[in-house]
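Notes to accompany the following structure.
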Amino acid sequence: MSKEVSEIEIVIGTVNYYGPIILLAFGIVGCICNLITFTALQLRNNYCAFYFLASTLFDLLSIRVGVSIRFATDHFGSNLLHSDRVYCKLRAYLVSAIPLVSIQMKIAYRVTAIAIVISLFSLSHILYSYDLRPIYATMPGPDAMFDGMFVVIWLGIIPHGLMLLFGFTTVKNIRQVKRQTAVQSYTIQISVESCIQTQERKTNTQLILMMLGQVGLSSILILTRMISYAYDILKPRATGYEGLVDTFLMSFTVLLYYTNFAKSFYMYTFRSHLFRSIFMIEIKLCFPTMLWSCVCNYNRLTIY
């Protein structure tokens, strides 16, 4: 048993140390690449791309706030999370609020501000229920039970269910419009405007399909963490070998949760030819500018 305990402790230490570093590196690089792509001229006036861009900003915040604070607490002796009540409550609120706002940016179109306000207000109970007991966690009893159900239903099932529902409905509507346009094209001459509209529909369809693929994987990653979190706060605190297993599962599901905010660029690149082509065009445009800037800086340093 002691050998198994030692092995689990080694695995937990490795996961807790290298996992956040890898997530921070891949996540920040991926978010920067997303920003480059979704600010491209081809997508600048596309409302779908705008929500992807806004979601990328919140993904970047989620990685920076969540992963950085957890890593600093675990490995750099930062004790604020377990000693300061205000910091404890604020961190719990932001870690839940930023990802939820990121999801709402994909759902909402004309009611973005309303959706964000509702999302932030719906999480206000966290500011009350989280406290030091003696460490950072939700208070036991009814608060823990409510929080466990809340994260699974409100942060997991409802937003991702809505995203899938709206996404499939939008794809269905786009395909219906495409069929109607195809029928009309046999009887009337296609104008330049209709060609532009057709291209916009193709772009929107690809972006929505990108979103659906991301939502499917996000649902798995986030719900896995939310269910694990609910199980962890509702069950009696384990000790010994069972406690180590619970600690490992918690660490692993936390990494899965934050992987959700680091994965988008790599999924977009893998799934969408449109995204890959726009990204490569932007990189080719940026590279000569960056190279010229480096040459100018070098010449300036040489002169002085």
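The table below lists the values:
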{"read-out": "Stretchable slack from residue 220 to residue 75, in nm (0.36 nm times residue separation minus alpha-carbon distance)", "value": "49.3 nm"}
{"read-out": "Mean Cβ neighbour count within 10 Å, used as a protection proxy, ranking 243-252, 59-68 highest first", "value": "59-68, 243-252"}
{"read-out": "Modelled FRET efficiency - R0 30 Å, residue 266 with residue 39, Cβ distances, 0.05 increments", "value": "0.95"}
{"read-out": "Efficiency of FRET from Cβ geometry, residue 231 and residue 15, R₀ 25 Å, rounded to 0.05", "value": "0.85"}
{"read-out": "Sorted by Cβ density within 10 Å, fewest first, the residues 202, 172, 263", "value": "172, 202, 263"}
{"read-out": "Cα centroid of region 3-64 to Cα centroid of region 245-289, whole Å", "value": "6"}
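Read-outs throughout are calculated quantities, based only on the coordinates presented, and are distinct from any laboratory measurement. Small disclaimer: the values here were computed from a predicted structure and weren't measured. Backbone-built Cβ (ideal geometry, glycine too); neighbour counts: all protein chains shown.
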